[in-house]
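Beneath this line is the structure, given in structure tokens, with notes to follow.
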């Protein structure tokens with residue numbers, strides 16, 4: 001089966017976006033470079049939360065095969081990790097014991113939000129928020145399942161990065177088949193504060209992923225030569241990736257890296273009251289079609 005990209009349509013009111021938003025669900029294979037992460041980088045993302053919390057429970061949203069919870073267990077061995085994903089990959093991750101509970105669906109689904117309300121000390125969204133139709137609603141749902149005083153860990157592409165400014169629409173996240181939303185760091189911080197959060201940490205350096213030149217080269221070759229002949233350009237892509245790796249240590253020392261991380265704390269509202277978390281349940285999945 002082949003995937004085709006639906007036509008784009010601009011939105012009149014699009015929260016946070018740098019320029020315009022696009023409605024589509026098609027994601028080309030070049031974006032896999034963005035979403036792949038080494039265990040070392042995943043452990044670093046988990047380690048960033050160490051100074052702020054000793055969580056009993058952690059929900060990873062958009063977890064896919066639950067590679068992040070698997071790596072984060074090395075940093076937080078006594079934390080119960082759950083995963084939520086719109087695909088059934090999360091159920092296979094539960095069978096592989098990478099997570100304790102698997103939930104299939106969207107966090108903004110009222111049934112899922114109600115079932116998970118105030119259950120978690122940490123909610124993570126790594127390279128997820130920019131892919132959602134409504135980031136503001138996604139943040140509200142994430143805060144709903146957090147306990148008061150809990151922490152939200154976010155990683156997103158940086159639309160003010162060096163390569164974003166250099167390549168423009170040829171930069172993969174800004175390409176016609178890129179992310180639904182590009183959220184500048186100041187806009188995300190403002191939204192988090194408006195929803196009652198305190199920003200406890202930001203990092204525009206270490207989340208950098210060395211892929212920009214390689215992915216852009218592969219995309220251009222595909223557009224010029226087609227998907228079959230573009231394979232002949234594999235050596236060129238390999239050279240571009242080598243340059244990415246060489247430049248990565250330099251870019252990580254500047255605010256112009258291609259990703260950033262934000263850790264925010266959900267502040268209690270009103271008088272303190274005991275919180276009764278929802279009971280832990282068996283893995284959930286959408287009801288089978290009639």
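The values are calculated or read from the model by the stated rules, or taken from the named source; none is laboratory data. Since the structure is predicted, the reported quantities are computational estimates derived from the model, not experimental observations. All Cβ positions, even for glycine, are placed from backbone atoms using ideal geometry, and neighbour counts span all protein chains on display.
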- Query: Any idea which of 65, 134 is surrounded by fewer than 18 Cβ atoms within 10 Å (Cβ to Cβ), within 20 Å of residue 38 (Cα to Cα) and at pLDDT below 95?
  - Reply: 65
- With 206, 202 as the choices, which residue is surrounded by fewer than 20 Cβ atoms within 10 Å (Cβ to Cβ), in a strand (DSSP E or B) and touching a residue at least 24 places away in the same chain (Cβ under 8 Å)? 202
- Item | Residue in segment 93-104 that is within 17 Å of the chain's Cα centre (by Cα) and surrounded by fewer than 24 Cβ atoms within 10 Å (Cβ to Cβ) present | yes
- Message: Quick test of your reading of the structure: residue 213 fulfils all but one of (1) at pLDDT 90 or above; (2) assigned to a helix (DSSP H, G or I). Name the failing condition by number.
- Response: (1)
- Residue check: is residue 183 outside any strand (DSSP E or B), within 19 Å of residue 200 (Cβ to Cβ) and touching a helix residue (DSSP H, G or I) at 6+ places or on another chain (Cβ under 8 Å)? yes
